[in-house]
Amino acid sequence: MEIHVMAVLLGAYLLGSIPSAYLVGRLVAGVDIRQLGDGNMGAKNTFESLGWLPGLVVGAADISKGAVAVLMARQFKLPENFVLLAGFCVVLGHDFPVFLRFRGGQGMAAMIGVFGVLFPMETALALLTLVVALALTHNWDVSCSIGLGLLPVMLWFNGRPPKQVLYPVVMLPTIGLKKLLAVWEARRIRT
């Protein structure tokens, strides 16, 4: 692997590792967001624990991290496989940030940034579906599953290549995995 490819992938991971929710929590309220709400270091927990403006800032920052990582890989004219890998690395950095002992968020906002650059039209439709599902169910997890679960279906119907169709199929389960790890850690701390 060439040095510039490794530098872009490492840069994507480090960009993802910037703990937006942690920094906003410290700056806005002097708190560690990991100690509030559900303990997740993401926009939803920030919104619920600190208010809509800090939540919006964190969401925008995390989405931007995902988008910038993919745009950076494209700027260096990396082959598509490495562009997709850069998207994975930024989400990996968000989920397991080196700056906070590998305890991060669930990667949804960063993933939306990645998908938004790679598949803009399909991602917009997936997010619209998510909003409609949320209005009907009032359940965030179910709405995200419905909205983002439709993304690979839309990619397939739009004739995207198989690796692009499978990309969200591989990436999206990491959110559930992070949720399971958080539950396991919470139980371990309690005992």
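Computed quantities for the displayed model
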quantity: Residues that are open to solvent by 80 Å² or more (accessible area, probe 1.4 Å) and in contact (Cβ under 8 Å) with a residue 40 or more places away in the chain, drawn from the stretch 125-168; calculated: TRP140, LYS163
quantity: Any hit, the stretch 170-180, residues being modelled with pLDDT of 95 or more and open to solvent by less than 30 Å² (accessible area, probe 1.4 Å); calculated: no
quantity: Helices (runs of 4 or more DSSP H) fully within the stretch 10-103 counting 2 or more residues that are open to solvent by less than 30 Å² (accessible area, probe 1.4 Å) and either farther than 21 Å from GLY116 by Cα or touching a Pro at 6+ places or on another chain (Cβ under 8 Å) (or both); calculated: 20-29, 43-50
quantity: Pick from the stretch 104-124, criterion among the β-branched types (Val, Ile, Thr) and open to solvent by less than 10 Å² (accessible area, probe 1.4 Å), ranking: nearest to ILE18 (Cα to Cα); calculated: VAL114
quantity: The stretch 129-151, residues that are in a helix (DSSP H, G or I) and either farther than 26 Å from LEU85 by Cα or in contact with a Lys or Arg (Cβ under 9 Å, 6 or more places away or on another chain) (or both); calculated: THR129, VAL131, VAL132, ALA133, LEU134, ALA135, LEU136, THR137, TRP140, ASP141, VAL142, SER143
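The values are calculated or read from the model by the stated rules, or taken from the named source; none is laboratory data. Fair warning: this is a prediction, and the values are worked out from it, not measured in the lab. Cβ atoms come from the backbone with ideal geometry, glycine included; neighbour counts cover every protein chain shown. Keep in mind that these areas ignore ligands, DNA and RNA; they rest on the heavy atoms of the full protein, side chains included. Shrake-Rupley method; radii C 1.70, N 1.55, O 1.52, S 1.80 Å.
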